[in-house]
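Here is the structure we will look at, set down as structure tokens.
Values in this text are rule-based calculations from the coordinates and carry no lab data. Source: prediction; values computed, not measured. A quick note on method: Cβ atoms are made from the backbone with ideal geometry, for glycine too, and the neighbour counts reach across all protein chains shown.
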Amino acid sequence: MGKRLVVLASGHGSNAQALFDRDDLGGDVAAVVADVAEARVLHRAEAAGIEALCVDRHAYGDRSEWEAALVEAVAHRTPDLVILAGFMRILSGAFVRRWPTLNVHPSLLPSFPGAHAVEDALAHGVKLTGVTVHFVVEEVDAGPIVMQEAVGVEPDDTPETLHNRLKAVEHRLLPAAVGLFCADRLDVVGRNVRIKP
Ligand code: GAR
């Protein structure tokens with residue numbers, strides 16, 4: 001049976017769109033949950049006929065109250081896998097232990113974790129950066145790595161030009177990793193993720 005997927009996202013939603021556009025993932029996106037009411041990803045989900053809802057961080061004073069509401073919304077959709085597709089908030093250990101959760105990140109982790117990976121890579125002057133898809137653990141951007149692909153930095157790159165090339169890779173890597181999860185082909189052994197044949 002196909003897996004049930006829930007996507008969490010905060011913004012533009014191009015990675016979520018890359019998942020909506022595939023019908024060979026071995027799973028279906030049951031819902032998209034945003035933490036920002038204006039997130040364009042909500043419109044993309046509606047256009048794709050996918051349930052879209054917002055658990056607005058700004059509507060809750062307390063972080064733990066917001067996360068409790070998020071957990072309730074996600075639990076109600078009974079996911080087999082949660083996917084962070086440009087979700088710009090940190091989730092508690094309790095959340096990430098409850099559901100297997102994948103994240104896509106625009107650097108070759110463990111280099112440049114955090115919310116400004118593209119700017120940080122340019123500021124550091126690296127010649128090579130890339131994309132990582134990893135399982136989420138409590139420590140930010142530190143979970144077992146499923147897939148990585150390198151992207152060269154050009155001398156005249158701006159954060160925008162580099163991020164556009166990284167996103168083109170993300171749009172391939174994230175669906176590929178989700179497809180492997182849905183096919184039960186990912187085996188996590190400590191920090192190592194083995195891809196079963
Ligand atoms: C993506 O590049 C994703 O890797 C990044 O946000 C972007 C969202 O784009 N995520 C992070 O930086 C998480 N730390 P999108 O909204 O067009 O999918």
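So what's the net charge close to GLU138: Lys and Arg +1, Asp and Glu -1, counting the other residues with Cβ under 15 Å from its Cβ?
Neighbour charge sum, excluding GLU138 itself: +2.
Quick check: Cα centre of segment 111-147 to Cα centre of segment 49-96, how many Å?
The two parts, judged by their Cα centres, are 22 Å apart.
Could you work out the local net charge near GLY114, counting Lys and Arg as +1, Asp and Glu as -1, over the other residues with Cβ closer than 9 Å to its Cβ?
Counting the neighbours of GLY114, the net charge comes to -2.
Work out how much length ARG63 to THR78 would gain on full extension: take 0.36 nm times their residue separation and subtract the Cα-Cα distance, in nm to one decimal.
3.1 nm
Based on the Cβ-Cβ distance of LYS196 and GLU138, what FRET efficiency does E = 1/(1 + (r/R0)^6) give at R0 = 25 Å, to the nearest 0.05?
According to the calculation, E is roughly 0.45.
³J(HN,Hα) across segment 14-30 via Karplus (A = 6.51, B = -1.76, C = 1.60, θ = phi - 60°), whole Hz, x for Gly/Pro?
5, 6, 4, 4, 4, 6, 4, 6, 9, 10, 10, 7, x, x, 10, 6, 7
List every residue whose amide H lies under 5 Å from the amide H of VAL146, counting only residues 5 or more places away in sequence or on a different chain, with H placed 1.01 Å from N in the peptide plane.
Those qualifying (amide H under 5 Å, at least 5 residues apart or on another chain) are VAL133, HIS134, PHE135.
If you take the square roots of the eigenvalues of the alpha-carbon gyration tensor of segment 35-186 and sort them as a ≥ b ≥ c, do you get rounded (a/c under 1.5), prolate (a/b over b/c) or oblate?
Details: a/c = 1.67, a/b = 1.51, b/c = 1.11.
It is prolate, given that a/c is not under 1.5 and a/b is the larger ratio.
Below 16 Å, Cα to Cα, which aspartates and glutamates can LYS196 reach? Residues fewer than 8 away in the same chain don't count.
ASP184, ASP187
Only helices at least 30 Å long along their own axis, judged from Cα atoms, and with Kyte-Doolittle mean hydropathy of -1.0 or greater: name those in the chain from DSSP H.
Within the chain the helices that satisfy the rule are 159-182.
Using a simple spin-label model with points 7 Å from Cα along the Cα→Cβ vector, what separation in nm is obtained for GLN148 and GLU160?
3.0 nm
Taking a cut-off of 17 Å between Cα atoms, list the aspartates and glutamates near LYS167, but don't count ones fewer than 8 places away on the same chain.
In chain and number order, the partners are ASP21, GLU119, ASP120, GLU149, GLU154, ASP157.
Quick one: among LEU128, LEU109, LEU19, which has the greatest mean-square fluctuation in a GNM of the chain with alpha-carbon springs under 10 angstrom?
Of LEU128, LEU109, LEU19, the Gaussian network model singles out LEU128 as fluctuating most.
Residues with beta-carbon under 9 Å from that of VAL178, excluding VAL178: net charge, scoring Lys, Arg +1 and Asp, Glu -1?
Overall, the nearby charge balance is +2.
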